[in-house]
Amino acid sequence: MLDGPDEDGEGVLSEKSPYEPDEFDPSSLGPDVPEAPDPPDGAANSEVTSLFWQLVVVFNIALLALSVGPMLAYFDGRVDLGVRITLVGALAFAYGYVRYRRFVKDRDSDETGDEEPAEADGDPADHNG
């Protein structure tokens, strides 16, 4: 055996290289681990945080239902229940997607200010000439 004990009780892996240090230092294996900066006071918007966790739950339910529904239909033969669960998952995914897109749209409109200036006839101004 290569890694087992030899007749003299010493294994191949127990031999030390002359370049091996006496004591192993695990911090010498790579770069220092970076620290995350502390957020400024009031940086986390409670409305955004709440929406984030709501969408996490909605997408987890959608993923679970979209996974379990087809498995029930195929493996257990309960097609009616499997289709219903799959539809619940699809609706949950659609709700989460629409809610997320609405948030992004609201956030982008808040960052850029109000809507684009409109001309007298109500059409957006043409900035290309």
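A few points about this structure:
- Filtering region 87-97 for residues that are surrounded by 10 or more Cβ atoms within 10 Å (Cβ to Cβ) and at pLDDT below 95 leaves an empty set.
- The residues in region 89-110 that are over 19 Å from V48 (Cα atoms) and out of contact with any Leu (no Cβ under 9 Å at 6 or more places or on another chain) can be counted, and the count is 2.
- Evaluation of D76 against (1) of a type in the set (D, E, K, R); (2) at pLDDT 95 or above; (3) farther than 25 Å from N45 by Cβ (one fails), failing number: (2)
The values are calculated or read from the model by the stated rules, or taken from the named source; none is laboratory data. Predicted model, so just to flag it, every value in this text is computed and none were measured. Every residue, glycine as well, gets a Cβ built from its backbone with ideal geometry; the counts of neighbours run over all protein chains shown.
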